[in-house]
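Worksheet: the structure to be examined is printed underneath.
The values are calculated or read from the model by the stated rules, or taken from the named source; none is laboratory data. This structure is a prediction, so every number in the text was calculated from the model and none was measured. Please note: Cβ atoms are built from the backbone with ideal geometry, for glycine as well, and neighbour counts cover all protein chains shown.
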Amino acid sequence: MKSSLKTLVNLLDGPVLVTGHTGFKGTWLTFLLEELGVEVVGYSLPPQADSLYDRTMRQGKIVEEFRDIRDLNSIHAFIQRTEPSAVIHLAAQPLVIDSYKAPLETFETNVMGTVNTLEASFKLKEIKAFIAITTDKVYRNDNAGTAFTEGDALAGKDPYSSSKVGSEAAIAAWQEISKSFGGPKVVAARAGNVIGGGDWAQNRLIPDLMRGFSRGEVVQVRNPSSTRPWQHVLDPLLGYLYSLQEVLSGGNIESINFGPTEPSLTVAEVVEIASRCWGKSADVVLKPSMETLYEANKLDLNSGLARELLDWKPVWTQARAVETTTEWWKDLFLKKISPLDLCKRDIMHALEKTASLEQDGIGHNNILARPQLS
């Protein structure tokens, strides 16, 4: 059984740099690190209106800079100034449909943004680990429903997945640089479709549902038969931290998947769960997509390596992740609970659940000795 996540604090000689910290996953990761007593610094584009970062009034809470990841000189200067001991690279253009509208920007951000952050990180000897977050969509997908493992072939078709395959090529190159000449250990972490409170992005299923439900509008949902490995945002984030702790402790990881343990749910199944959880005012129309844009129909991940190497296992099932996310938004809109309190509630549940699993001797690192939540 692995050691407590509290060990992560002891392994760090400086802050953790989170790129893309104003985004959905970046804001949740910042909260999680802070609850664990880890200092965070952030580098990102300015936050979008109504983002989780904006809703929780995060500006100025940590050392941060609002600049473009494509600016090598800027990210280099920030890293030199803040001297992080580890980097979790989340900054990306993360939307498939937007990648069709802006393919050049998508490739520049996802490929050269990763290259710039790697290059700048390798210039600072204090940085010991670099966790690069890619996606489950990097795998060559023939829509056969295969649960992809880390050794499967990579290939993309749409601009987003292709750009992420490009970022994986850069990650592999810097892994070889690290082996040959020294430098941070570099890990590619691949997660499924993350959901959770505070995601307000356009053209994503859960945010589109929550917008419609909260306004009493009919929500039209495309591709109801498509499957995705849905997971609560905290599950892969905990996985990233376990990966970071593993490599800082001397372990060796090059790539690792984080996804649900059960088969992927269809879009229609997710819609049914969210609608039932929201209540009678939820109104959804399912229809086949009339778009010509390519998106994979079936997608599934095998996370056996994470379970074997890190004792990692999702806290939430896919169904419960959908329910928890819907409850987050209902409590925000209907009960007026603050988004920060709602995030802390989910973080508390995740940490308590992992502690319970450890007591039972099944799954997850032991975090019983973690710092107390505020």
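The listed residues are Ala77, Ala132, Ala120, and the only one of them that is surrounded by 24 or more Cβ atoms within 10 Å (Cβ to Cβ) and over 17 Å from Gly198 (Cβ atoms) turns out to be Ala132. Number of residues in segment 83-99 that are surrounded by fewer than 19 Cβ atoms within 10 Å (Cβ to Cβ) and either at pLDDT 95 or above or in contact with a His (Cβ under 8 Å, 6 or more places away or on another chain) (or both): the value is 1. Whenever a residue of segment 75-97 is within 23 Å of Ser162 (Cβ to Cβ), its partners that are surrounded by fewer than 21 Cβ atoms within 10 Å (Cβ to Cβ), lying with C-beta atoms within less than 7 angstrom and at least six residues away or across chains, give the pairs Gln93/Glu105; Leu95/Ala201; Leu95/Asn203; Val96/Asp158; Val96/Glu295; Ile97/Asn203; Ile97/Leu293. Under the condition of being farther than 19 Å from Glu176 by Cβ and assigned to a loop (DSSP other than H, G, I, E, B), which residue from segment 86-123 is nearest to the chain's Cα centre (by Cα)? Per the stated criteria, the residue is Leu90. Taken as a whole, segment 229-239 holds at least one residue that is farther than 12 Å from Leu310 by Cα, touching a helix residue (DSSP H, G or I) at 6+ places or on another chain (Cβ under 9 Å) and of a type in the set (S, T, N, Q).
Scanning segment 308-322 for residues that are within 19 Å of the chain's Cα centre (by Cα) and crowded, with 16+ Cβ neighbours inside 10 Å yields Leu310, Asp311, Trp312, Lys313, Pro314, Val315, Trp316, Thr317, Gln318, Ala319, Ala321, Val322. Of the residues in segment 175-187, none is under 19 Å from Val322 (Cβ atoms) and either assigned to a loop (DSSP other than H, G, I, E, B) or at pLDDT 95 or above (or both).
Given the options Ser226, Ser214, name the one that is more than 30 Å from Arg345 (Cα to Cα) and surrounded by fewer than 21 Cβ atoms within 10 Å (Cβ to Cβ). Outline the logic, then answer.
Details: Ser214 fails: more than 30 Å from Arg345 (Cα to Cα).
Being more than 30 Å from Arg345 (Cα to Cα) and surrounded by fewer than 21 Cβ atoms within 10 Å (Cβ to Cβ) holds for just one of Ser226, Ser214, which is Ser226.
Note on segment 189-268: enclosed strands (runs of 3 or more DSSP E) holding 2 or more residues that are at negative phi and polar (S, T, N, Q) are 255-258.
Looking at Val138, Val165, just one residue is farther than 22 Å from Leu238 by Cα, among the aliphatic types (A, V, I, L, M), surrounded by 19 or more Cβ atoms within 10 Å (Cβ to Cβ) and in contact with a Gly (Cβ under 8 Å, 6 or more places away or on another chain), and that residue is Val165.
Looking only at residues of segment 269-281 that are part of a loop (DSSP other than H, G, I, E, B) and either touching a Gly at 6+ places or on another chain (Cβ under 6 Å) or of a type in the set (Gly, Ala, Ser) (or both), we find that the one that is modelled with the lowest pLDDT is Ser281. Filtering segment 328-342 to residues that are within 20 Å of the chain's Cα centre (by Cα) and either part of a loop (DSSP other than H, G, I, E, B) or surrounded by 17 or more Cβ atoms within 10 Å (Cβ to Cβ) (or both) leaves Trp328, Trp329, Pro339, Leu342. If you go through segment 5-50 and keep only what is within 15 Å of Ser85 (Cβ to Cβ) and part of a loop (DSSP other than H, G, I, E, B), you end up with Leu12, Asp13, Gly14, Pro15, Leu36, Gly37, Val38, Glu39. Restricting Pro84, Pro94, Pro47, Pro103 to those that are of a type outside the set (A, V, I, L, M) and touching a Phe, Trp or Tyr at 6+ places or on another chain (Cβ under 6 Å) reduces the list to Pro47. Among the residues of segment 158-174, those that are modelled with pLDDT of 95 or more and either over 21 Å from the mean Cα position of the chain (by Cα) or not in a helix (DSSP H, G or I) (or both) comprise Ala173, Trp174.
Within segment 64-74, restricting attention to residues that are part of a loop (DSSP other than H, G, I, E, B) and charged (D, E, K, R), the residue that is farthest from Ser167 (Cα to Cα) is Arg67.
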